[in-house]
Amino acid sequence: MPPRFDPGPLDVPPPAVFVAAVGPRMTEATAEVADGLILHSFTTARYMREVTQPAIDRGLAVGGRDRNGFEVRASPFVVTAPDGPDRERAITAVREQIAFYASTPSYRPVLDLHGWGELQTDLRELTRQGRWSEMSALIDDDVVDAFAVVAEPDGLAEAIHRHIGGYADRVGLTLPPGSDPDWHADVVRALKKTAVVPSP
(Lines give C-alpha, C1' and ligand atoms only; values in the text may rest on other atoms or scores of the structure.)
Protein backbone atom coordinates (compact mmCIF):
# COMPACT_ATOMS: atom_id res chain seq x y z
CA MET A 1 0.00 0.00 0.00
CA PRO A 2 1.18 3.57 -0.53
CA PRO A 3 2.68 5.34 2.49
CA ARG A 4 -0.38 7.58 2.82
CA PHE A 5 -2.66 4.60 3.51
CA ASP A 6 -3.78 4.55 7.12
CA PRO A 7 -5.31 1.23 8.22
CA GLY A 8 -6.38 2.72 11.53
CA PRO A 9 -5.60 1.28 14.96
CA LEU A 10 -4.02 -2.14 14.65
CA ASP A 11 -5.50 -3.36 17.95
CA VAL A 12 -9.08 -3.07 16.64
CA PRO A 13 -10.54 -6.28 15.20
CA PRO A 14 -11.10 -6.14 11.44
CA PRO A 15 -14.66 -5.67 10.22
CA ALA A 16 -16.69 -8.77 9.46
CA VAL A 17 -16.79 -9.68 5.78
CA PHE A 18 -20.05 -10.96 4.33
CA VAL A 19 -20.51 -12.18 0.78
CA ALA A 20 -23.73 -12.50 -1.20
CA ALA A 21 -23.87 -15.79 -3.09
CA VAL A 22 -26.39 -17.93 -4.96
CA GLY A 23 -24.38 -20.59 -6.78
CA PRO A 24 -22.80 -23.49 -4.89
CA ARG A 25 -19.18 -22.65 -5.75
CA MET A 26 -19.44 -19.05 -4.56
CA THR A 27 -21.34 -20.20 -1.47
CA GLU A 28 -18.69 -22.80 -0.69
CA ALA A 29 -15.87 -20.25 -1.08
CA THR A 30 -17.78 -17.84 1.15
CA ALA A 31 -18.17 -20.43 3.89
CA GLU A 32 -14.49 -21.30 3.64
CA VAL A 33 -13.09 -17.79 4.17
CA ALA A 34 -15.76 -15.15 4.94
CA ASP A 35 -17.51 -14.30 8.18
CA GLY A 36 -20.95 -14.79 6.74
CA LEU A 37 -23.25 -15.33 3.80
CA ILE A 38 -25.98 -13.01 2.58
CA LEU A 39 -28.69 -15.10 1.01
CA HIS A 40 -30.13 -13.54 -2.11
CA SER A 41 -33.86 -12.91 -1.94
CA PHE A 42 -34.06 -15.06 -5.07
CA THR A 43 -33.83 -18.34 -3.20
CA THR A 44 -36.27 -20.91 -1.93
CA ALA A 45 -36.43 -23.13 1.11
CA ARG A 46 -35.78 -26.15 -1.10
CA TYR A 47 -32.76 -24.53 -2.78
CA MET A 48 -31.41 -23.58 0.64
CA ARG A 49 -31.90 -27.13 1.93
CA GLU A 50 -30.59 -29.02 -1.11
CA VAL A 51 -27.94 -26.71 -2.57
CA THR A 52 -26.92 -23.83 -0.31
CA GLN A 53 -26.64 -25.66 3.00
CA PRO A 54 -24.51 -28.51 1.59
CA ALA A 55 -22.24 -25.90 -0.05
CA ILE A 56 -21.90 -24.11 3.28
CA ASP A 57 -21.03 -27.39 4.97
CA ARG A 58 -18.37 -28.17 2.36
CA GLY A 59 -16.84 -24.71 2.61
CA LEU A 60 -16.71 -24.79 6.39
CA ALA A 61 -15.07 -28.22 6.27
CA VAL A 62 -12.40 -27.04 3.81
CA GLY A 63 -11.74 -23.99 5.97
CA GLY A 64 -11.58 -26.08 9.16
CA ARG A 65 -14.39 -24.03 10.69
CA ASP A 66 -17.69 -24.76 12.37
CA ARG A 67 -21.13 -23.26 11.83
CA ASN A 68 -21.03 -21.30 15.09
CA GLY A 69 -18.44 -18.93 13.62
CA PHE A 70 -20.35 -18.33 10.40
CA GLU A 71 -23.46 -16.17 10.07
CA VAL A 72 -26.19 -16.53 7.46
CA ARG A 73 -28.43 -13.55 6.70
CA ALA A 74 -31.73 -13.84 4.84
CA SER A 75 -33.95 -11.17 3.32
CA PRO A 76 -36.92 -12.87 1.69
CA PHE A 77 -39.46 -11.18 -0.52
CA VAL A 78 -42.37 -10.22 1.75
CA VAL A 79 -46.02 -9.58 0.95
CA THR A 80 -48.07 -8.55 3.91
CA ALA A 81 -51.34 -6.73 3.70
CA PRO A 82 -54.95 -7.59 4.39
CA ASP A 83 -56.87 -9.05 1.45
CA GLY A 84 -57.86 -6.37 -1.01
CA PRO A 85 -56.22 -3.85 -3.37
CA ASP A 86 -53.15 -3.30 -1.19
CA ARG A 87 -52.34 -7.01 -1.15
CA GLU A 88 -52.85 -7.30 -4.92
CA ARG A 89 -50.49 -4.37 -5.52
CA ALA A 90 -47.90 -5.93 -3.22
CA ILE A 91 -48.12 -9.31 -4.94
CA THR A 92 -47.80 -7.64 -8.35
CA ALA A 93 -44.66 -5.83 -7.17
CA VAL A 94 -43.16 -9.10 -5.90
CA ARG A 95 -44.02 -10.86 -9.18
CA GLU A 96 -42.10 -8.12 -10.99
CA GLN A 97 -39.07 -8.53 -8.72
CA ILE A 98 -39.07 -12.30 -9.08
CA ALA A 99 -39.45 -12.02 -12.87
CA PHE A 100 -36.50 -9.64 -13.08
CA TYR A 101 -34.20 -11.92 -11.10
CA ALA A 102 -35.50 -15.06 -12.82
CA SER A 103 -34.46 -13.64 -16.21
CA THR A 104 -30.80 -13.71 -15.09
CA PRO A 105 -28.90 -16.73 -16.48
CA SER A 106 -26.73 -17.15 -13.37
CA TYR A 107 -29.85 -17.61 -11.21
CA ARG A 108 -31.34 -20.30 -13.45
CA PRO A 109 -30.17 -23.19 -11.22
CA VAL A 110 -32.64 -22.08 -8.55
CA LEU A 111 -35.44 -22.43 -11.10
CA ASP A 112 -34.02 -25.66 -12.52
CA LEU A 113 -34.23 -27.31 -9.11
CA HIS A 114 -37.99 -26.75 -9.15
CA GLY A 115 -38.43 -27.76 -12.81
CA TRP A 116 -38.96 -24.14 -13.90
CA GLY A 117 -35.79 -23.66 -15.94
CA GLU A 118 -37.61 -22.74 -19.14
CA LEU A 119 -39.11 -19.79 -17.31
CA GLN A 120 -35.65 -18.21 -17.31
CA THR A 121 -35.37 -18.68 -21.08
CA ASP A 122 -38.77 -17.09 -21.68
CA LEU A 123 -38.10 -14.17 -19.35
CA ARG A 124 -34.66 -13.55 -20.83
CA GLU A 125 -36.21 -13.32 -24.27
CA LEU A 126 -38.73 -10.75 -23.04
CA THR A 127 -35.88 -8.64 -21.62
CA ARG A 128 -34.09 -8.77 -24.98
CA GLN A 129 -37.25 -7.51 -26.66
CA GLY A 130 -37.74 -4.80 -24.04
CA ARG A 131 -41.11 -6.26 -23.05
CA TRP A 132 -40.59 -5.63 -19.34
CA SER A 133 -44.23 -5.06 -18.49
CA GLU A 134 -45.15 -8.58 -19.70
CA MET A 135 -42.67 -10.47 -17.54
CA SER A 136 -44.61 -10.64 -14.29
CA ALA A 137 -47.50 -12.44 -16.00
CA LEU A 138 -45.21 -15.49 -16.31
CA ILE A 139 -44.74 -15.69 -12.52
CA ASP A 140 -47.58 -17.89 -11.31
CA ASP A 141 -48.76 -18.45 -7.75
CA ASP A 142 -46.54 -21.52 -7.25
CA VAL A 143 -43.44 -19.48 -8.08
CA VAL A 144 -44.56 -16.65 -5.79
CA ASP A 145 -45.17 -19.11 -2.95
CA ALA A 146 -41.71 -20.64 -3.37
CA PHE A 147 -39.85 -17.32 -3.34
CA ALA A 148 -41.95 -15.02 -1.17
CA VAL A 149 -43.46 -14.91 2.29
CA VAL A 150 -47.13 -14.03 1.83
CA ALA A 151 -48.98 -13.52 5.09
CA GLU A 152 -51.43 -11.37 6.97
CA PRO A 153 -49.61 -8.78 9.10
CA ASP A 154 -50.35 -10.59 12.36
CA GLY A 155 -48.93 -13.86 11.04
CA LEU A 156 -45.90 -12.44 9.23
CA ALA A 157 -43.26 -13.41 11.79
CA GLU A 158 -44.38 -17.02 11.95
CA ALA A 159 -44.62 -17.22 8.15
CA ILE A 160 -41.06 -15.87 7.78
CA HIS A 161 -39.86 -18.43 10.29
CA ARG A 162 -41.57 -21.25 8.35
CA HIS A 163 -40.14 -19.95 5.06
CA ILE A 164 -36.56 -19.66 6.31
CA GLY A 165 -36.61 -22.53 8.77
CA GLY A 166 -33.52 -22.75 10.95
CA TYR A 167 -31.13 -21.74 8.18
CA ALA A 168 -30.68 -18.03 8.88
CA ASP A 169 -29.14 -16.34 11.88
CA ARG A 170 -30.44 -12.90 10.91
CA VAL A 171 -33.41 -11.72 8.89
CA GLY A 172 -33.73 -8.45 7.00
CA LEU A 173 -37.19 -7.09 6.31
CA THR A 174 -38.33 -4.88 3.47
CA LEU A 175 -41.78 -3.83 4.52
CA PRO A 176 -44.37 -1.69 2.78
CA PRO A 177 -43.66 2.07 2.68
CA GLY A 178 -45.74 3.99 5.18
CA SER A 179 -46.12 1.04 7.54
CA ASP A 180 -46.63 1.87 11.19
CA PRO A 181 -43.26 1.80 13.05
CA ASP A 182 -44.97 0.24 16.07
CA TRP A 183 -46.14 -2.58 13.84
CA HIS A 184 -42.55 -3.08 12.61
CA ALA A 185 -41.46 -3.40 16.22
CA ASP A 186 -44.22 -5.96 16.84
CA VAL A 187 -43.02 -8.02 13.87
CA VAL A 188 -39.43 -7.94 15.13
CA ARG A 189 -40.52 -8.99 18.62
CA ALA A 190 -42.56 -11.85 17.16
CA LEU A 191 -39.62 -12.97 15.01
CA LYS A 192 -37.39 -13.07 18.07
CA LYS A 193 -39.93 -15.24 19.88
CA THR A 194 -40.05 -17.74 17.02
CA ALA A 195 -36.29 -17.73 16.42
CA VAL A 196 -34.29 -20.93 16.70
CA VAL A 197 -30.59 -21.56 16.64
CA PRO A 198 -29.59 -22.97 13.22
CA SER A 199 -28.35 -26.54 13.24
CA PRO A 200 -24.69 -26.99 12.29
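Note on ASP122 and ALA20: with the Förster distance fixed at 30 Å, the Cβ-Cβ geometry gives a FRET efficiency of about 0.70. A dipole drawn for the chain from +1 and -1 charges on Cβ atoms has a positive end, and of GLY63, PRO153, PRO76 the residue lying farthest that way is GLY63. Tell me what the chain gives for mean residue ellipticity at 222 nm when only DSSP H runs of n ≥ 4 count, each as -39,500 (n - 2.57), the sum divided by the residue total, rounded to 500 deg cm²/dmol. The helix-only estimate for the chain comes to -13000 deg cm²/dmol at 222 nm. Counting only protein heavy atoms and a 1.4 Å probe, the chain has 58 square angstrom of accessible area per residue. Compute the projected area of the convex hull of the Cα atoms of region 16-124, averaged over all viewing directions, and report it in nm² to one decimal place. Here the figure is 7.8 nm², rounded to one decimal. Pop out the carbon and sulfur fraction of the accessible area of region 24-171 as a percent, whole number, probe 1.4 Å. Carbon and sulfur: 48 percent of the exposed surface of region 24-171. Binning all Cα-Cα separations of region 132-175 at 5 Å, short to long from zero, yields these whole-percent fractions: 5, 17, 24, 22, 16, 10, 5, 1. The chymotrypsin sites (Phe, Trp or Tyr not before Pro) of region 1-101 that DSSP puts in a loop, and whose beta carbon has at most 16 other beta carbons within 10 Å, are PHE5.
Set against the labelled values [x] 1.04; [y] 1.15; [z] 2.08, Cα Rg over 2.2 N^0.38 Å computed from this structure falls on [y]. Restriction of the trypsin sites (Lys or Arg not before Pro) in region 61-145 to DSSP coil positions whose beta-carbon has at most 11 other beta-carbons within 10 angstrom yields ARG131.
The values are calculated or read from the model by the stated rules, or taken from the named source; none is laboratory data. Bear in mind the structure is a predicted one, so any value in this text is a computation, not a measurement. Counting neighbours? That spans all protein chains shown, and the Cβs are built from the backbone with ideal geometry, glycine included. Note: accessible area is taken over every heavy atom of the protein model, side chains too, but ligands, DNA and RNA are not part of it. Shrake-Rupley method; radii C 1.70, N 1.55, O 1.52, S 1.80 Å.
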